[in-house]
Structures are given as structure tokens and as C-alpha cells.
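K.L.:
What follows is a single structure, and I will ask about it in a moment.
The values are calculated or read from the model by the stated rules, or taken from the named source; none is laboratory data. Keep in mind the model is a prediction, meaning the values are calculated, not measured. When we count neighbours, we look across all protein chains shown, and the Cβ atoms used for this are built from the backbone with ideal geometry, even at glycine.
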Protein chains: 2
Amino acid sequence: MDAHPAAGKALNIHQLRTVCSSCSLRELCLPMGLSRAEIEQLDQLVYTRRRIKRGETLYRAGDAFGSLYAIRTGFFKTDVILEDGRDQVTGFHMPGEILGMDGIGTEAHACNAHALEDGEVCVIPFARLEEVSREVRNLQHQFHKVMSREIVRDQGVMMLLGTMRAEERLAAFLLNLSQRFVARGYSPSEFHLRMTREEIGSYLGLKLETVSRIFSKFQDQGLIAVQQKHIRILDTDGLRQLLAYREV
Amino acid sequence: MDAHPAAGKALNIHQLRTVCSSCSLRELCLPMGLSRAEIEQLDQLVYTRRRIKRGETLYRAGDAFGSLYAIRTGFFKTDVILEDGRDQVTGFHMPGEILGMDGIGTEAHACNAHALEDGEVCVIPFARLEEVSREVRNLQHQFHKVMSREIVRDQGVMMLLGTMRAEERLAAFLLNLSQRFVARGYSPSEFHLRMTREEIGSYLGLKLETVSRIFSKFQDQGLIAVQQKHIRILDTDGLRQLLAYREV
DNA sequence: CGAGACCGTTGATCCAGGTCAACACGCCGC
DNA sequence: GCGGCGTGTTGACCTGGATCAACGGTCTCG
């Protein structure tokens, strides 16, 4: 801690830490592809952060929609719950990803977003985002891309749920996580699962016992090493072949 | 046919038929909620139509993305195909719905869009849409809502594929179609399925035999009357209860 | 209007994954 | 350090829907 910060420069350390232009995730998040000047315009609208503790919700289905949230740190899940209690995890979300776009259409959130570990999000007031993106062409386009990619991601999940067998689903899940960890500078082959077997199962349309069994099977086959939530991928190609493999 | 159209007024019958402001779907489609003046600005960018014959594709996965498409007439399906040939129908689409948003993120389409019957779409050049929506606040917002609703729709499909049993899936499917037909002024209880059992199965993550069997079962139970592709819903509440019904 | 290709239905059988049950292993607070 | 609870593993068994197979209906196009 600087006892005597140089005047001016250090004045806004807190703000500096808060803005997109100095954020280490800017290459993954909404500012992706924007120029320095454009990111500075983004800075003007993203000035609030929110800390979420593990187990807490960022928003719930039915909550009035007002903002999007960019994940800064922590791991989140989104889910939808039916009246009868069945729930479907619709996604796991990492730093740099945007949450809350489900709320735009109806002014109310359609799903629940939970923190799987303590984390922090940047609050992006949506009306302001629309305002600024009317002026910053690239921001507008970038935001459209983010939404579009969410639609494509969802199609991938449908494919997984609709056509794949249990082993393929798990393999696809692990490879997808691995890829996303790499993009964030983490190891592609060794990571900590923040979610339970039940949550993985819900996401993949499987029961927790099945998830557990297949992890054990993959371990027996030398594809991965599992120790509770700690996963090490030993044979990426082997996992890939599980996906590619088809009788004909 | 007017042999002697009144001068002036009839000059642009073709154009009149082409613009959003005189389109009967404007309450469902992109112009939803826009003022007369705003819709006229939309007219300036939507001036091309494209006819698609049954069985033809509107676009294919990998095609360069340039435009969105608003369905004017006809029934479409979108699907994703894996290298090994398995395919997943990701949606069935009716007049007033927007196709192509999957392409924005990567500049290339991520799925295939096929016409299930002869139809016509309005071509919406995407760069122009972004341009105009930078000027027309409500158009911008409306477009964001359309994308958001697509995301929410996808979450519904995930729920269906991930947590529902075969009968529930079919019941949900029929109720969803019924609802969308009503919104378009058609009968809620009697309609023609444009897709095959196999396509329904693909969408619902079931095999065509299962779809066929459950249709027969629903018929035996007096819930619906099926004759090939012609469906009559006899007991809407009965179908709803299939969804609501849970052991606890 | 007749042949052939789809498309849909139904029956018999099979099996992937669900269900139920027991137990093991952290991890927490006391 | 101990009891209890949430989480994960594994086994035995069951079942919903897949698979395989046969056949009937209907749309299409020459």
C-alpha cells in the first residue's frame, strides 16, 4: 500500500481497477475487438461491481431485468426450474462471459444465476448499453455477436442433449471446459470442477450416478484422472475420438 | 385484377405489398411495437424478398452471413448436422419469426434452414439493420428483444430435452405449436403438421417410432385426433396435465 | 392411373441409463 | 476428535425408449 501516492496518477486507483480499459478480460468480454477510444466509452457505463458469495444468486427467474452482468471472477451456473421442482442447468459460466441476456425480451429474467464460488461481476445497465451502442458502432456489433454466440452455444447444447450418448456428452463437456480454460490462460488439462456431479448431470441430461460411473470408466480407460472435483485430462485425442467415433 | 388502376395510388402496388408498414405480420415480426414513422424507416431496408420452394434451403451451415430473414409465408426448420450424419432439428419456424441470427457471431451460419413448404422470406441486410437501429431507438430495442427471446426459447428446448419424458415432450410440442398458431390467427386446436415424424423426433430427442406410438397413445386416450399430418387437439387441459403431473 | 418411394404404424426384443440402496470419504462445527 | 451432512462411488435391478422388422397408406411423377 502506498502511504504517499503520487498526486493525480494514483488518485483513482479504485476507478482504474474498475474500468474495462484496464481489465485483463477485455479480450474475451464485451470490449473484444474495440479500439482503445471505444473501450473508454464503455468505461463510462460500467462502473458498478457486485460481489456474489458462493451459493448466492445473481438474479432469479422473474426478477425485473435491468442490467447485464460481465463475470470478472468466479464460476456461475444458470438454471431453469419447473413448478414440479425438476431443474435443468442451462449453462456454466466463466470470467469474461456475459449473463442476463435472457431478460431483455420480457423485461424479466427467465432463469436463475447462481455463484458456484465467490465471485464478482461488472454491472452493465442495459438501457445505457443500448444508448452507448447507438453511438459506438463497434460496440453495437460486438454486443450482437455476443448474443448470437449465445444462440449458437445453445444449439450445441441441444445437439448434445438430443443426439449424443452419455459418454459422448461427458467427453464433449470436458473438452469444452478445457477449451474455455485455455482461453483464460489456465491449463487445458488440469482443472477444478466447481460444480457437483448432480449439476453436471442436470446440464447433460443425465443422473448423477451416471456421471460418476462414466468418470470412473474414463479413468479406467486412462482418458482422465479424477479425484473428486479435481480433473486431469490424460488423453485429449481419446476424448475427441469418443465424439468422432460413429459406426458408419 | 384491376384493368385500370387509379393513377398514383396504384402505382406501387408491388412495393406496397413489399414493405413492413403494410405487412399483416407487423404485429408479430420485427416491427412489433414500433410507431408508424419508425416502421417506415424499416421499410427502407427491407426491400428484397426471396421465394423458397419446399425442400430447398434458405442458408446452410458455413454460408457467409449477410442478412437476417423474416418469414412471410411458409414453414421452416433449422438443423445442425454432425460430421457423422446425426442431425438435430433445432427449431420449427413460422411466419413472423426471424431466421439467421446464428450467423452474426462468426459471420457464417451455424445451422441449416430448410423450407418445409413453399414460402417467402423478407431479406434484412444485417449491416443496414445495425445502421438503422443506431438511429431508431425502438427498432434497436425490438431487435434485442427478438434475440433475447430466441435465447429463452432455446432454454425451453434444453429443459424439454434434458428433463422431460417422451410423452411430456410431445405434449409440450403440441401445446407450443397450438399457441403459435393462435397468435397467427389460426385455429388452436386443428392444424396441419408440416414436418415428418422423423423431424419431430429429431427436434424432441426421440426416434420416429416413439413419436408415432405416442401420437397413437394420445389418440387412444382421447387427447387428440391424428390423421397422418392432420392434428386435432381434443383435450388441451389433458395435455397440460401431462406436463404438470408429477409424483410429489 | 400405376409403380415406387416415402412416410407412418405396430409388434417383438434389447439395452443404456435410470432407480434404489449401501457405503465411503471429506469437511464442518462443536 | 467426533458426529453428521453433503457429496461421490459402486452394485443390483428395472424400464422407457431404441432398435429391428414387417407392413399398410399416400403422395408423386412419369
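K.L.:
Every residue in segment B:142-167 that is of a type in the set (A, V, I, L, M) and more than 10 Å from chain A (Cβ to nearest Cβ), please.
P.N.:
Across segment B:142-167, the qualifying residue is only B:166.
K.L.:
Check A:139, A:170, A:175 and return the single one that is more than 9 Å from chain B (Cβ to nearest Cβ), part of a helix (DSSP H, G or I) and under 26 Å from residue A:22 (Cα atoms). Break it down into steps so the answer makes sense when it comes.
P.N.:
Working: A:170 fails: under 26 Å from residue A:22 (Cα atoms); A:175 fails: under 26 Å from residue A:22 (Cα atoms).
One residue alone meets the criteria, A:139.
K.L.:
For residues that are surrounded by fewer than 14 Cβ atoms within 10 Å (Cβ to Cβ) and either assigned to a loop (DSSP other than H, G, I, E, B) or not assigned by TED's automatic domain parsing to the domain that holds residue A:131 (or both), tally how many sit in segment A:48-64.
P.N.:
6
K.L.:
Separate question: Do you know which of the residues in segment A:182-199 that are touching a residue at least 40 places away in the same chain (Cβ under 8 Å) and either within 15 Å of residue A:239 (Cβ to Cβ) or near DNA strand D (Cβ under 10 Å from one of its atoms) (or both) is nearest to the other protein chains (Cβ to nearest Cβ)?
P.N.:
Step one: list which residues in segment A:182-199 are touching a residue at least 40 places away in the same chain (Cβ under 8 Å), which gives A:183-184, A:188-191, A:194-195, A:199.
Okay, now just the ones that are also either within 15 Å of residue A:239 (Cβ to Cβ) or near DNA strand D (Cβ under 10 Å from one of its atoms) (or both), so A:188-191, A:194-195, A:199.
Numbers: A:188: 22, A:189: 24, A:190: 28, A:191: 24, A:194: 20, A:195: 15, A:199: 12 Å.
Ranking the candidates gives A:199 first.
K.L.:
Hey, can you tell me all the residues within segment B:125-155 that are closer than 14 Å to residue A:103 by Cα and of a type in the set (Gly, Ala, Ser)? Explain how you work it out, then say what you get.
P.N.:
Kept after step one, since they are closer than 14 Å to residue A:103 by Cα, are these residues of segment B:125-155: B:141-155.
Scanning segment B:125-155 gives a single hit, B:148.
K.L.:
Is it the case, given these coordinates, that residue A:219 is touching a strand residue (DSSP E or B) at 6+ places or on another chain (Cβ under 9 Å), closer than 18 Å to residue B:80 by Cβ and not assigned by TED's automatic domain parsing to the domain that holds residue A:91?
P.N.:
Values: touching a strand residue (DSSP E or B) at 6+ places or on another chain (Cβ under 9 Å): yes; closer than 18 Å to residue B:80 by Cβ: no; not assigned by TED's automatic domain parsing to the domain that holds residue A:91: yes.
No.
A quick yes/no check of all residues on (1) more than 12 Å from the chain's Cα centre (by Cα); (2) in the same structural domain as residue A:176 (by TED's automatic domain parsing); (3) of a type in the set (A, V, I, L, M):
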position: A:81; (1), (2), (3): yes, no, yes
position: A:95; (1), (2), (3): no, no, no
position: A:108; (1), (2), (3): yes, no, yes
position: A:131; (1), (2), (3): yes, no, no
position: A:138; (1), (2), (3): yes, no, no
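K.L.:
Kindly check whether there is at least one residue in segment A:193-216 that is of a type in the set (Phe, Trp, Tyr) and not assigned by TED's automatic domain parsing to the domain that holds residue A:71.
P.N.:
Going through segment A:193-216, the residues of a type in the set (Phe, Trp, Tyr) turn out to be A:203, A:215.
Next, only the ones that are not assigned by TED's automatic domain parsing to the domain that holds residue A:71 stay: A:203, A:215.
Yes, some residue in segment A:193-216 is of a type in the set (Phe, Trp, Tyr) and not assigned by TED's automatic domain parsing to the domain that holds residue A:71.
K.L.:
Restricting attention to segment A:26-55, which residues are of a type in the set (D, E, K, R) and closer than 15 Å to residue A:99 by Cα? Outline the logic, then answer.
P.N.:
The initial filter retains those residues of segment A:26-55 that are of a type in the set (D, E, K, R), namely A:26-27, A:36, A:38, A:40, A:43, A:49-51, A:53-54.
Scanning segment A:26-55 gives A:49, A:50, A:51.
K.L.:
Which residues, taken from segment B:22-61, are in contact with a Leu (Cβ under 6 Å, 6 or more places away or on another chain) and free of Cβ contacts under 8 Å to residues at least 40 places away in the same chain?
P.N.:
B:22
K.L.:
Further question on the same structure: Can you name the strands (runs of 3 or more DSSP E) wholly within segment A:71-131 that have at least 1 residues being within 16 Å of residue B:159 (Cβ to Cβ)? Lay out the reasoning, then the answer.
P.N.:
Details: elements: A:76-81, A:87-93, A:112-115, A:119-125.
Per the criteria, A:76-81, A:87-93, A:112-115.
K.L.:
For segment A:183-211, which residues satisfy the criterion of being in contact with a strand residue (DSSP E or B) (Cβ under 9 Å, 6 or more places away or on another chain), within 9 Å of DNA strand C (Cβ to nearest atom) and part of a helix (DSSP H, G or I)?
P.N.:
Across segment A:183-211, the qualifying residues are A:201, A:204.
K.L.:
Restrict the check to segment B:119-132 and report whether at least one residue is within 15 Å of DNA strand C (Cβ to nearest atom) and closer than 29 Å to residue A:106 by Cα. Step through it out loud before you land on a result.
P.N.:
First, pick out the residues of segment B:119-132 that are within 15 Å of DNA strand C (Cβ to nearest atom): none.
Checked against the condition, which is being within 15 Å of DNA strand C (Cβ to nearest atom) and closer than 29 Å to residue A:106 by Cα, segment B:119-132 yields no hits at all.
K.L.:
So which residues in segment B:222-240 are within 11 Å of DNA strand C (Cβ to nearest atom) and crowded, with 16+ Cβ neighbours inside 10 Å, if there are any at all?
P.N.:
Looking only at segment B:222-240, we keep the residues that are within 11 Å of DNA strand C (Cβ to nearest atom), and these are B:224-231.
Answer for segment B:222-240, where residues must be within 11 Å of DNA strand C (Cβ to nearest atom) and crowded, with 16+ Cβ neighbours inside 10 Å: B:224, B:231.
K.L.:
Let me ask another. Of the residues B:116, B:160, B:175, B:193, only one is surrounded by fewer than 18 Cβ atoms within 10 Å (Cβ to Cβ) and aliphatic (A, V, I, L, M); which?
P.N.:
Details: B:116 fails: surrounded by fewer than 18 Cβ atoms within 10 Å (Cβ to Cβ); B:160 fails: surrounded by fewer than 18 Cβ atoms within 10 Å (Cβ to Cβ); B:193 fails: surrounded by fewer than 18 Cβ atoms within 10 Å (Cβ to Cβ).
Answer to the check: B:175.
K.L.:
Go through segment B:103-124 and give me each residue that's among the polar types (S, T, N, Q) and more than 9 Å from chain A (Cβ to nearest Cβ).
P.N.:
Kept after step one, since they are among the polar types (S, T, N, Q), are these residues of segment B:103-124: B:106, B:112.
Of everything in segment B:103-124, just one residue is among the polar types (S, T, N, Q) and more than 9 Å from chain A (Cβ to nearest Cβ), namely B:112.
K.L.:
While we're looking at this one, here's another question. Kindly indicate whether any position in segment A:139-162 is free of Cβ contacts under 8 Å to residues at least 12 places away in the same chain, within 16 Å of DNA strand D (Cβ to nearest atom) and in contact with a helix residue (DSSP H, G or I) (Cβ under 7 Å, 6 or more places away or on another chain).
P.N.:
Yes, there is a match, as at least one residue in segment A:139-162 is free of Cβ contacts under 8 Å to residues at least 12 places away in the same chain, within 16 Å of DNA strand D (Cβ to nearest atom) and in contact with a helix residue (DSSP H, G or I) (Cβ under 7 Å, 6 or more places away or on another chain).
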